[in-house]
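Worksheet: the structure to be examined is printed underneath.
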Amino acid sequence: MSASVLDKVAEPEFSPHLTQFIKDWKDKPGSLIMILHQLQQQFGYLPRAAILKLSREINLPLAKIYGVVTFYHYFKLTKPGRNNIQVCMGTACYLKGGEDLLQELENMLGIGVNQVTEDGEFSIESVRCVGCCGLAPVAVCGTVFGKLVPEKLPEILGKLKAGGEQP
Amino acid sequence: MALNQFCLVCGGTGCESRHSDAVYKNLKSAAEELGVGNQVQVVKTGCFGFCEKGPIVKILPDESFYVGVKPEDAHQIMAEHLVKGLPVEHLLHKTHGHHSGWGEYASQLYQKQVRIVLRNCGIIDPEDVQEYISRDGYAGLEKALFEMSPTEVIAEVKASGLRGRGGAGFPTGLKWENTRKTVSDQRYVICNADEGDPGAYMDRSTLEGDPHSVLEAMTIAGYAMGASQGFIYIRAEYPLAIHRLEVAMQQSREMGLLGKDILGSGFDFAIEIRLGAGAFVCGEETALMQSIEGNRGMPQPKPPYPSESGLWGKPTAINNVETLANIPVILLKGSAWFASIGTPTSKGTKVFALTGKINNSGLVEVPMGTTLREIVYDIGGGIRGGKAFKAVQSGGPSGGVLPAQFLDTPIDYESLTKVGSMMGSGGLIVLDEDDCIVDVVKFYLDFSVEESCGKCAPCRIGGRKLLNLLTKITKGKGTRADIETMRQIGFAMQRASLCMLGGTTPNPILSTLKYFENEYLEHIDHQHCPAGKCKDLITYSVLASKCIGCTVCARKCPVNCISGERKSAHFIDPAKCIKCGACYEACKFEAILVS
């Protein structure tokens, strides 16, 4: 990585909470994943520039961080939509129609899994078991939508788009 | 006036996601408003186990049992039931059309259950250590610290016959003893709360409903093994469980039950939470330790076992949440009591997350040796919608599928393994006649392939090959030779994979080839999916003799491929049909044919 590339990226601001967390944890063994969680919490994903900055602050090679980030599904390298809809694909949800929900969402939004709509409003994520098997099939976006049927999706998308208020 | 009535609100994830938190808050404010705040205590508890009908509110002492309670119902319950003593009829749980109190419902559901692990779930407020203590909490730790030597604790756990509940069933006492035997300046206790099996949420409910039981057990384990540091490795996807653990740890530290010089005994033990990040393979113990060390969670060859060289090269004992939750009770009531429950080789109880096509989804805890039939029919209430039972899947992606002939198999480690499945961590998923075995197996393979860490070739390549063959079969393009190939790859993976993820990936295929080979052959020989699930093998058409031309199907069709005049038979254009089944669901006249 040449210095010129680094220079072009505006250095992101770390929140005081994050800065303190990094300070508290950086010398503990095996702290990288805990720090990455905090980083993702602040930005909603892991922006390249933020990882570059972190790499310098905790003195870990970028390659090591990249290796860890790409190993775990939880860490995201691209910015999700304002409403990131997680469709559960655990076994109970799968059996009760989770895949139909996913397909219907993809059709309605015109995007695939892990993609974001052009206006940045929605993204779709397929997740493994959110632990509400009694409510299968479920989708999560801020709140949990249980026993969901594709017919209810237009209403939910409408309300999510309308604003912060969760339906 | 003293507190004389209790209002227990379920705060498990299933109920919380249906706004039980608002129910709880509204009940509290209603109690204040009606001036009964000093007589009625509103408590938020852990999971009751009846996730199907949540949110759940239980009233004590009269044991009334409300289901499906909405936040706006809270005021009525408080005003009518708790103030005037008049039950709110329309919210009471009904059995066979008549109202039934908790007692009746519980007797139906609990008759086969024995609650050791879930002893406090749905009873205590998990965020109040006093409630845990009032139910003998930390008495097991006290007994260990002051009445027993570390080796006596290990002997007691060994004598109880407790085996690991994470799936493999390794004797817990032996694991502790091996860890203790390894000479080292530091040892570690790890609680494995990386519950990743799709369809399983036993550990989550235990942590949410009774976090102190796990903290107490870890401290006992630390004392027994001579470890002063513990880690709880938990999924980041479980925010409520993490929160309750943090609250519990704070409270036990303040009370001297955790930290330096516990209860004045001179024994120090600290616990730290480490978050997972969505990698199923990290449930494997060597991968889990890699993850705690901040690395990619890839399994390491064994030996050396973690009891010899584990976290940062130090001897480490890794126990699952459910295993640990048994420990305080074993110490308090004694190994003989624990060993009296269960079968000769599997002692105690097992918690199952019962889901799928069943009437009562939820958490159940039964003594080892209970049969699948008792769980599915007596506790689970049988198959939803009067459909026919097809099979039960146990052990998640590592387990197998058992047909009806094994319904009377008593559940223990050995008997499940003998019939080609495994105990696993406790997901029990019931399949009915509408489920295609090949499709379900493909679902599990898809999961295992995605979760393979890619380190060893048998898992990385073998899993992918198996998935490709299954996909081919569900598209009607498979051959009989493919079945033999799948068997061979499966056997190779079982023997040659580095860790149990790869070693168990072929299990769903191998077990279903044993009992449901005909269903595979039906896909291969006749390009026919008996359950009508595999979309490439089915077509939808309208039975002209039954269609009355109501146009409902045409309006439901998302791709407008159904045409026809009102009051005359309709027609589905097979070229445009996406086989979503919406017309089939919508038709009230059984005029849509799936073939």
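Output yes when any residue across the range B:231-238 is crowded, with 22+ Cβ neighbours inside 10 Å and either in a helix (DSSP H, G or I) or assigned by TED's automatic domain parsing to the domain that holds B:Gly395 (or both), and no when none is. No: zero hits. Restricting the range B:156-214 to residues that are basic (Lys, Arg) and assigned to a loop (DSSP other than H, G, I, E, B), the residue that is nearest to the chain's Cα centre (by Cα) is B:Arg165.
The residue that is surrounded by the most Cβ atoms within 10 Å (Cβ to Cβ), among those in the range B:556-576 that are within 14 Å of another protein chain (Cβ to nearest Cβ) and touching a residue at least 24 places away in the same chain (Cβ under 8 Å), is B:Cys557. So, in the range A:114-129, of the ones that are within 12 Å of another protein chain (Cβ to nearest Cβ) and either in a loop (DSSP other than H, G, I, E, B) or at pLDDT 90 or above (or both), which residue ends up surrounded by the fewest Cβ atoms within 10 Å (Cβ to Cβ)? Ranking the candidates gives A:Ser126 first.
Output yes when any residue across the range B:53-74 is of a type outside the set (Val, Ile, Thr), more than 15 Å from B:Ala22 (Cα to Cα) and assigned to a helix (DSSP H, G or I), and no when none is. Yes: one or more hits. Of the conditions (1) over 24 Å from B:Gly283 (Cα atoms); (2) more than 14 Å from chain A (Cβ to nearest Cβ); (3) part of a helix (DSSP H, G or I), B:Gly385 clears all except one; give me its number. The failed condition is (2).
Could you list, in sequence order, all residues of the range A:24-71 that are of a type in the set (Ser, Thr, Tyr) and either touching a Pro at 6+ places or on another chain (Cβ under 8 Å) or farther than 22 Å from B:Cys453 by Cβ (or both)? Selection gives A:Tyr45, A:Ser55. Residues that are part of a loop (DSSP other than H, G, I, E, B), within 9 Å of another protein chain (Cβ to nearest Cβ) and small (Gly, Ala, Ser) within the range B:290-322 comprise B:Gly294, B:Gly297, listed in sequence order. Given the criteria crowded, with 17+ Cβ neighbours inside 10 Å and within 14 Å of chain A (Cβ to nearest Cβ), does B:Phe516 qualify? Spelling it out, it is not the case that B:Phe516 is crowded, with 17+ Cβ neighbours inside 10 Å and within 14 Å of chain A (Cβ to nearest Cβ). Any idea which of (1) surrounded by 14 or more Cβ atoms within 10 Å (Cβ to Cβ); (2) in a loop (DSSP other than H, G, I, E, B); (3) in contact with a helix residue (DSSP H, G or I) (Cβ under 9 Å, 6 or more places away or on another chain) is the one B:Lys588 doesn't satisfy? All conditions pass for B:Lys588, except number (1). Of the residues in the range B:148-159, none is modelled with pLDDT of 90 or more, hydrophobic (A, V, I, L, M, F, W, C), in contact with a helix residue (DSSP H, G or I) (Cβ under 6 Å, 6 or more places away or on another chain) and not assigned by TED's automatic domain parsing to the domain that holds B:Gln250. Picking from residues in the range B:404-429 that are outside any loop (DSSP other than H, G, I, E, B) and under 19 Å from B:Ser205 (Cβ atoms), the one that is farthest from the other protein chains (Cβ to nearest Cβ) is B:Leu428.
Residue count for the range A:55-73 under the criterion of being part of a helix (DSSP H, G or I) and either within 13 Å of another protein chain (Cβ to nearest Cβ) or of a type in the set (Asp, Glu) (or both): the result is 11.
Name the one entry in B:Cys499, B:Cys534 that is buried (at least 21 other Cβ atoms within 10 Å of the Cβ) and not assigned by TED's automatic domain parsing to the domain that holds B:Ser448. Give the derivation first.
On the way: B:Cys499 fails: not assigned by TED's automatic domain parsing to the domain that holds B:Ser448.
Exactly one of B:Cys499, B:Cys534 is buried (at least 21 other Cβ atoms within 10 Å of the Cβ) and not assigned by TED's automatic domain parsing to the domain that holds B:Ser448, namely B:Cys534.
The single residue among B:Ser545, B:Ser595, B:Ser511, B:Ser563 that is within 36 Å of the chain's Cα centre (by Cα), polar (S, T, N, Q) and more than 26 Å from B:Arg464 (Cβ to Cβ) turns out to be B:Ser595. Considered as a group, the residues in the range B:156-209 that are within 14 Å of another protein chain (Cβ to nearest Cβ) and closer than 15 Å to B:Ser307 by Cβ include one that is surrounded by the fewest Cβ atoms within 10 Å (Cβ to Cβ), and that residue is B:Gln186. Within the range B:453-484, take every residue that is among the hydrophobic types (A, V, I, L, M, F, W, C), over 22 Å from B:Leu537 (Cβ atoms) and in a helix (DSSP H, G or I) and give me the one that is nearest to the chain's Cα centre (by Cα). Only one residue fits best here, namely B:Cys459. Among the residues here, A:Leu157 does not qualify as surrounded by 13 or more Cβ atoms within 10 Å (Cβ to Cβ), more than 9 Å from every other protein chain (Cβ to nearest Cβ), out of contact with any Leu (no Cβ under 8 Å at 6 or more places or on another chain) and of a type outside the set (Ser, Thr, Tyr).
Within the range B:213-256, the set of residues being under 19 Å from A:Ile33 (Cα atoms) and basic (Lys, Arg) comprises just one member, B:Arg235. Among the criteria (1) loosely packed, with under 15 Cβ neighbours inside 10 Å; (2) among the charged types (D, E, K, R); (3) in a strand (DSSP E or B), the one B:Glu246 does not fulfil is (3). Scanning the range B:442-456 for residues that are in contact with a Gly (Cβ under 8 Å, 6 or more places away or on another chain) and basic (Lys, Arg) yields a count of 0. Selection of the range A:93-148 for residues being among the acidic types (Asp, Glu) and under 29 Å from B:Gly12 (Cα atoms) yields A:Glu99, A:Asp100, A:Glu125. Residues in the range B:253-289 that are within 14 Å of chain A (Cβ to nearest Cβ) and part of a helix (DSSP H, G or I): 7 in all.
Checked against the criterion of being outside the structural domain of B:Phe170 (by TED's automatic domain parsing) and buried (at least 24 other Cβ atoms within 10 Å of the Cβ), the candidates B:Pro367, B:Pro344, B:Pro397 yield just one match: B:Pro397. When B:Asp482, B:Asp536 are checked against the criterion of being within 30 Å of B:Cys583 (Cα to Cα), acidic (Asp, Glu) and either touching a helix residue (DSSP H, G or I) at 6+ places or on another chain (Cβ under 9 Å) or modelled with pLDDT of 90 or more (or both), B:Asp536 stands alone in meeting it.
Checked against the criterion of being within 13 Å of chain A (Cβ to nearest Cβ), farther than 22 Å from B:Val157 by Cα, modelled with pLDDT under 95 and touching a His at 6+ places or on another chain (Cβ under 7 Å), the candidates B:Ala236, B:Ala241 yield just one match: B:Ala236. Flag set for A:His37, criterion: modelled with pLDDT of 95 or more, at the interface with chain B (Cβ under 10 Å from one of its Cβ atoms) and in a helix (DSSP H, G or I).
Considering A:Gly90, A:Gly163, A:Gly81, A:Gly98, the condition of being modelled with pLDDT under 90, small (Gly, Ala, Ser) and surrounded by 19 or more Cβ atoms within 10 Å (Cβ to Cβ) is satisfied by A:Gly90 alone.
Can you pull out every residue in the range B:117-155 that is among the polar types (S, T, N, Q) and part of a loop (DSSP other than H, G, I, E, B)?
B:Asn120, B:Ser149
The values are calculated or read from the model by the stated rules, or taken from the named source; none is laboratory data. None of these values were measured; they are calculated from a predicted model. Glycine gets a Cβ as well: all are built from the backbone with ideal geometry, and neighbour counts include every protein chain shown.
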